[in-house]
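A short write-up of the structure that comes next.
The values are calculated or read from the model by the stated rules, or taken from the named source; none is laboratory data. This structure is a prediction, so every number in the text was calculated from the model and none was measured. Please note: Cβ atoms are built from the backbone with ideal geometry, for glycine as well, and neighbour counts cover all protein chains shown. Remember, those area values only see protein heavy atoms, side chains included, never the ligands or the DNA or RNA. Shrake-Rupley method; radii C 1.70, N 1.55, O 1.52, S 1.80 Å.
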Amino acid sequence: MTTPVLEIRNLHARIEDREILKGVNLIIPPGEVHAIMGRNGSGKSTLSYVLAGKEDYEITEGEVLLNGKNIFEMGADERAAAGLFLAFQYPIEIPGVATMTFLKAALNAQRKARGEDELKTPEFMRLVKEAGAQLNVDSDMLRRPLNVGFSGGEKKRAEIMQMALLKPSLAVLDETDSGLDIDALQVVSKGVNSLRDGQRSMLVITHYQRLLNHIVPDVVHVFSDGRIVESGDKSLALKLEAEGYANYGGEAA
Amino acid sequence: MVRPNFPVRLGAAEEALINQLKFAGADQAAERITVAGLPTRRVESYHYTDLKTLLRAVPPMAQPANQVDVPALDLPGSYNLTIVNGVASQQGTAPAGVTVGTVRGGVLTTRDDTLIHINNGLVREAMSLDIAPGVDQIIQIARRIEGVAAHVADALKIFVADGATATIVETFTGSDAAHVGNHATYLALGKDAVVTHVTVDLSGRDTSHFATNEYHLADGAKLRTLIIHAGSDLARTHLYPRMAGQGAHADVTGLNLVSEGQHADITMETNHAVPNTSSQPLFKSITRGRSKAVVQGKLVVARDAQKTDAKFMHQGLMLSDDAEILSKPELEIYADDVVCGHGSTCGKLDEDSLFYLLSRGIPKAEAETMLVRGFIAELVDPIENEALAEALNGIIDTWLLAGK
Ligand SMILES: Nc1ncnc2c1ncn2[C@@H]1O[C@H](COP(=O)(O)OP(=O)(O)O)[C@@H](O)[C@H]1O
Ligand SMILES: [Mg+2]
């Protein structure tokens, strides 16, 4: 059997004294796109942060393997270099850090960690232009400080542009569709779909079924109260859209 | 020595200063120190920088030293001047439009401040610079204290003519000894002159660095200053910008970089003397280890100075838990139709920003450096000369790396 890109076994995590993830199990084979749907507050972003390596959480049980390697032995930067990418639900604005400087630092740090040569400036510029053109990220946006003054949609496009540049083996997209109008949704989805190559895997977190018309998943999981409670094919998303999350316990979404 | 008539007990530093001032014929300044001693925390403007405690010794007055001609910053094409142990010298011929000379005596306006009294009392001759329109080279003045521990008081008087543009950089460096440097710069901007004035303290840690910069802005003059403390264990720079002509504007900026055991202080008093002037004082302090950074900012607005627009801001970034960042804003406003304000913030590196950079594969040390650079960018980015901005970023990077 081929090694899954992501394997989560019985993952429990808490913040302060509150348990948020209560036994998550998930396997994503190479090339597959899995969607996680669940009501607000069910722990979807927490899962994405725990995967990416945010330090606020205490892992109390379970393990996570990225391409067969235990990610809890790696820092957030090492996980990124190992092929993990998180498109943030709320991308952070960082004044004073130029977007281009940031992109170059990220790309070269990952290359260095993998033992590859740093990119020369013209080659880097070419890659940025290419990824930018695909996602309507223009040179004006690239000249601004990182995410500063970007609209909600611009931030999401910039996240996917980073993904296109960094070419991860596993992309976790946390509510990338929220705050996007239909045009922006199409641009973003096209960007994501163009990265589907039969090898790269994705975990698409969303609250609404709408996104999954554009990024068609292989498997849909329903997330409720810190764990996956049902899995199925893409028709499960339609069922959720029609019936809501009420059948999965707790208050209605 | 018993001094039954004087309530203040004088230490070794004060005794040395009194003798030096008397020898220079500055009896009044000597008398002030005899009576009051060095300022303590009970003197309001020295509340956070108690000189009597911090300055324990003052070495003998400097002897002329061998010239060291290498400028401190590598700025291609800059016109370089040096003042070594108080002795001014010119390198090569001045570019067209720049006249270098000397003027007798001190250059600072007398104020109720001990360091200013000392400078004015000890300086016999100041270097003068006259800058006419059409000079595009950076003018770099390297002020150095070389040799054994020495006390230096030096002064510089700069006139930038009406309509002229100038970029003036001063560096403070020297041998790593327990020097005391007391430096003065008087900079007058003619009508519509546009001046960038950068000073950088890169002295050895044992040096005590004191500087006073006085600015006089005529109608429509535009000034940008950037004061960087990145050297001595004890540094204090006074800034006195005076908006003397309508339409004058000053971006008064500064940066304290302090590590374990260091104390840096920027004390500003901006005077808006006429209507329709503005100033934007913006200071930042970055601390690590047990250290202290102080910024005091006073905005004085004269009765006639309507429509003054001035805001003082100090932002602190603590890279350790043991440091102190102190802000003292003061408003003294006699006009009624003005927009004046002040603010200060203090915090650590933002955890969410750090995580965002890490999540893109940037290692922690590099991510922290990026964020610190980002914090400072507001001060360095407006410097238009790229070589100068790069040199200043280099100084900041060196400081950051030294702490790792
Ligand atoms: N930093 C935090 N401190 C305490 N509780 C938190 C924190 N972050 C999230 N939570 C809580 O964890 C639960 C799951 O949040 P989150 O993972 O953001 O859910 P989702 O992304 O599914 O909307 C929520 O009840 C939320 O209030
Ligand atoms: Mg969420």
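Per residue of A:138-148, other chain Cβ atoms within 10 Å of the residue Cβ number 1 on average. Let me check I've understood the local charge: for B:Gly394, count other residues with C-beta under 13 angstrom from its C-beta, Lys and Arg +1, Asp and Glu -1. What total comes out? Overall, the nearby charge balance is -3. For the protein assembly as shown, just say rounded, prolate or oblate: build the C-alpha gyration tensor, square-root its eigenvalues into a ≥ b ≥ c, call rounded for a/c under 1.5, and beyond that prolate if a/b exceeds b/c, oblate if not. Prolate, because a/c is 1.5 or more and a/b exceeds b/c.
Quick check on chain A: helices-only [θ] at 222 nm, where DSSP H runs of length 4 and up contribute -39,500 (n - 2.57) each and the sum goes over total residues. Nearest 500, please. Mind showing how you got there, number by number?
Working: 9 runs with 90 residues, N = 253.
Calculated from helices alone, the mean residue ellipticity at 222 nm is -10500 deg cm²/dmol.
Along the axis of the charge dipole computed for the protein assembly as shown (Cβ charges of +1 for Lys and Arg, -1 for Asp and Glu, origin at the Cα centre), the listed residues A:Gln162, A:Val50, B:Ile395 are led at the positive end by B:Ile395.
Measuring between alpha carbons in the structure, the pairs from B:Lys52/B:Lys191; A:Lys155/A:Lys234; B:Lys22/B:Lys311; B:Lys52/B:Lys364 lying more than 31 angstrom apart are B:Lys52/B:Lys191; B:Lys22/B:Lys311; B:Lys52/B:Lys364. When the GluC sites (Glu not before Pro) in region A:153-253 are filtered for DSSP coil states and for at most 11 other beta-carbon atoms within 10 Å of their beta-carbon, the remaining sites are A:Glu251. When only the Cβ of Lys, Arg, Asp and Glu is charged (+1, +1, -1, -1), the dipole of chain B relative to its Cα centre reaches about 940 debye. Restricting the GluC sites (Glu not before Pro) of region B:186-287 to loop positions (DSSP other than H, G, I, E, B) with no more than 16 neighbouring Cβ atoms within 10 Å leaves B:Glu260.
About its Cα centre, how strong a charge dipole does the protein assembly as shown have in debye, to the nearest 20, once Lys and Arg get +1 and Asp and Glu get -1 at the Cβ? Spell out each step's value before the answer.
On the way: 63 positive and 84 negative charges, 121 e Å.
With Lys and Arg at +1 and Asp and Glu at -1, about 580 debye.
Look at the stretch B:347-354: the mean tally of other chain Cβ atoms within 10 Å of its residues' Cβ atoms is 3.
Taking all protein chains in place and a 1.4 Å probe, what share, in percent, of the accessible surface of chain B do carbon and sulfur account for?
Whole-percent figure for carbon plus sulfur exposure: 49.
Hey, in the GNM for chain B with a 10 angstrom Cα cutoff, which one of B:Glu44, B:Glu125, B:Glu14 fluctuates hardest? The residue with the greatest mean-square fluctuation here is B:Glu44.
Measuring heavy-atom accessible area with a 1.4 angstrom probe and counting protein chains only, the residues of region A:68-105 that give up at least 20 Å² relative to the chain alone are A:Ala76, A:Asp77, A:Ala80, A:Phe88, A:Ile92, A:Ile94, A:Gly96, A:Val97, A:Phe102, A:Ala105. Restricting region B:348-404 to GluC sites (Glu not before Pro) that sit in a DSSP loop and have at most 16 other Cβ atoms within 10 Å of their own Cβ leaves B:Glu384. Label-to-label distance for A:Ala113 and A:Glu19 is 3.1 nm, based on points extended 7 Å past Cα in the beta-carbon direction. Taking +1 at the Cβ of each Lys and Arg and -1 at the Cβ of each Asp and Glu, which of A:Val5, A:Ile27, A:Val137 sits farthest along the dipole of chain A towards its positive end, judged by Cα position relative to the Cα centre? The one lying farthest along the dipole's positive direction is A:Val137. Comparing Cα centroids, region A:8-45 and region A:164-203 end up 19 angstrom apart. With K and R counted +1 and D and E -1, the other residues having a Cβ less than 15 Å from that of B:Asp219 yield a net charge of +1. With the cut-off at under 15 Å, measuring from each backbone N in region A:179-223 to a point 7 Å along the Cα-to-Cβ line of A:Asn247 picks out A:220-223.
Taking the protein heavy atoms of region A:6-246 in the context of the full set of protein chains, the accessible area attributed to carbon and sulfur is 48 percent at 1.4 Å. Rounded, prolate or oblate, given the Cα gyration tensor of chain B, with a/c below 1.5 counting as rounded? Note, shape of chain B comes out rounded. Using a 1.4 angstrom probe on protein heavy atoms only, the contact between B and A buries about 1700 square angstrom of accessible area, both sides summed.
Could you please report the charge total around A:Glu241, scoring K, R as +1 and D, E as -1 over all other residues with beta-carbon less than 15 angstrom from its beta-carbon?
0
Solvent-accessible surface (1.4 Å probe) assigned to B:Asp337 amounts to roughly 70 Å².
Once the gyration tensor of the Cα atoms in chain A is diagonalised, the equivalent ellipsoid follows with semi-axes of 29, 21, 17 Å, ordered largest first. Taking each residue as 0.36 nm, the span from B:Glu378 to B:Leu401 lengthens on full extension beyond its C-alpha to C-alpha distance by 6.2 nm. Solvent-accessible area per residue in the protein assembly as shown equals 42 Å², computed with a 1.4 angstrom probe and all protein chains kept.
For chain A, the longest principal axis of the Cα atoms and the long axis of helix A:182-193 meet at an angle of about 90 degrees. Going 7 Å from the Cα of B:Gln63 in the Cα-to-Cβ direction, what parts of region B:148-188 have a backbone nitrogen less than 15 Å from that spot? Backbone N within reach: B:148-151.
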